[in-house]
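Participant: Mind looking over this structure? Questions follow.
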Amino acid sequence: MLPGVITVAALSPSVDLMYLVDHLKLGAIHRPAAVRVAGGKSLNLARAAATLGADVAAVAVLGGATGDYIEQELVKAGIGIRSVGSPGETRVCVSVAGADQDGLTEFYPYAPEIPPEVWSAFRTRLAGMIASRPGWLVINGSAPQGLDDSAYAQVVEMSHQSGLKVAVDTHGPVLAAAVDRAPDLVKINRYEAAELVGVDADSADLEALAAVIGERTGGQVIITDGRAGAVGRAADGATHLISLPEALNGRYPVGSGDAFLGGWLAATDIGASPATALRLATGCGTANALLPGPGNLDPETAREVADRCTVRSL
């Protein structure tokens with residue numbers, strides 16, 4: 001079967017730099033090992049999906065030397081890239097992992113503001129790319145400053161007009177506006193879903209949240225819940241709960257949600273069933289957390305984890 005075709009709209013890319021140290025101590029000098037990747041949520045997803053064999057391309061807003069580095073890295077990874085120049089330098093996001101400590105220390109600058117002329121150029125470049133790329137368009141992550149709350153909704157609409165299916169993974173007013181344009185998939189976490197629906201996140205029932213959102217969009221909905229797994233609702237209302245294998249607890253969770261979505265798209269676009277796609281997605285999210293560097297995963301590990309997941313129809 002031909003590989004899935006996935007195009008990502010990367011408005012907030014970054015160079016993601018992870019430092020690995022034996023012990024992180026405030027005020028001390030550290031000599032870290034470093035893992036550097038072309039990142040941001042969209043490009044993390046792109047790299048994960050490409051690792052699985054999907055045909056992936058990106059339209060990205062890039063600026064300065066870090067933007068040049070990202071473009072070079074995407075080419076090396078076999079990911080097609082059309083860049084739109086930004087007057088601002090593409091950001092560098094830093095995370096630090098101590099070998100003897102749980103969790104990460106993270107430094108994430110805001111993405112550069114996108115002025116109107118860059119937004120216009122981005123939409124033109126994206127329209128040109130998707131005209132010859134059927135399949136899925138995905139837009140994820142926070143909207144940069146300078147964009148209206150309707151920005152992602154505009155991308156959903158123009159992609160539908162070109163015959164593509166659209167996946168959205170964001171939050172807040174930008175998500176609400178995009179949902180009103182009926183994306184084919186909304187993939188968000190418990191807290192983003194609860195905010196969208198207007199209920200308390202901690203007490204919310206994920207199946208009920210997925211039903212409310214799915215009835216609003218007419219499409220598929222996935223709500224992730226960390227180590228508790230995820231709920232996936234198909235367009236016809238069929239709903240599955242997936243649970244992760246026990247004793248798998250990766251130390252590098254950054255990018256796991258992006259790898260999850262990349263795995264789901266790669267599987268779905270070649271005809272996998274909702275349950276099978278949900279399995280591979282979960283395997284990818286878990287495999288991502290086992291290796292340093294967001295969007296980095298071993299595809300065999302992802303498939304092994306997928307086979308060990310438990311899927312239950314609700």
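The values are calculated or read from the model by the stated rules, or taken from the named source; none is laboratory data. This one's a predicted model, so the numbers in the text were calculated from it and none came from an experiment. In this analysis, Cβ positions are derived from the backbone assuming ideal geometry, glycine residues included, and neighbour counts consider all displayed protein chains.
For (1) closer than 19 Å to T7 by Cα; (2) part of a loop (DSSP other than H, G, I, E, B), each residue gets a yes or a no:
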{"residue": "A111", "(1), (2)": "no, yes"}
{"residue": "S132", "(1), (2)": "yes, yes"}
{"residue": "D148", "(1), (2)": "no, yes"}
{"residue": "V156", "(1), (2)": "yes, no"}
{"residue": "V168", "(1), (2)": "yes, no"}
{"residue": "E195", "(1), (2)": "no, no"}
{"residue": "S203", "(1), (2)": "no, yes"}
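Participant: Among the strands (runs of 3 or more DSSP E) confined wholly to the range 209-305, which include 3 or more residues that are at pLDDT below 95 and either surrounded by 18 or more Cβ atoms within 10 Å (Cβ to Cβ) or touching a Cys at 6+ places or on another chain (Cβ under 7 Å) (or both)?
Facilitator: none
Participant: Another one. Let me spell it out: the conditions are (1) farther than 22 Å from A289 by Cα; (2) free of Cβ contacts under 8 Å to residues at least 60 places away in the same chain, and F107 meets all of them except one. Which number is the exception?
Facilitator: (1)
Participant: Could you run through the range 64-109 and say how many residues are under 17 Å from T7 (Cα atoms), crowded, with 19+ Cβ neighbours inside 10 Å and among the aliphatic types (A, V, I, L, M)?
Facilitator: Residues that pass the stated criteria total 5.
Participant: How about the range 169-222: which of its residues are farther than 26 Å from R312 by Cβ and aliphatic (A, V, I, L, M)?
Facilitator: V174, L175, A176, A177, A178, V179, A182
Participant: State all residues of the range 167-195 that are without any contact (Cβ under 8 Å) to a residue 24 or more places away in the chain and over 17 Å from A151 (Cα atoms); if no residue qualifies, say none.
Facilitator: Of everything in the range 167-195, those that are without any contact (Cβ under 8 Å) to a residue 24 or more places away in the chain and over 17 Å from A151 (Cα atoms) turn out to be Y191, E192, A194.
Participant: In the range 40-103, which strands (runs of 3 or more DSSP E) lie fully inside it and hold 3 or more residues that are more than 16 Å from G295 (Cβ to Cβ) and without any contact (Cβ under 8 Å) to a residue 60 or more places away in the chain?
Facilitator: Where strands (runs of 3 or more DSSP E) fall fully within the range 40-103 and carry at least 3 residues being more than 16 Å from G295 (Cβ to Cβ) and without any contact (Cβ under 8 Å) to a residue 60 or more places away in the chain, they are 80-85.
Participant: Another one. Among the residues in the range 40-51, are any modelled with pLDDT of 95 or more, surrounded by 17 or more Cβ atoms within 10 Å (Cβ to Cβ) and over 25 Å from D298 (Cβ atoms)?
Facilitator: no
Participant: OK, next. Kindly provide the set of residues from the range 94-117 that are more than 22 Å from the chain's Cα centre (by Cα) and hydrophobic (A, V, I, L, M, F, W, C), ordered by number. It would help to see each step written out before you state the result.
Facilitator: At the first step, the residues of the range 94-117 found to be more than 22 Å from the chain's Cα centre (by Cα) are 98-102, 115-117.
Scanning the range 94-117 gives a single hit, A99.
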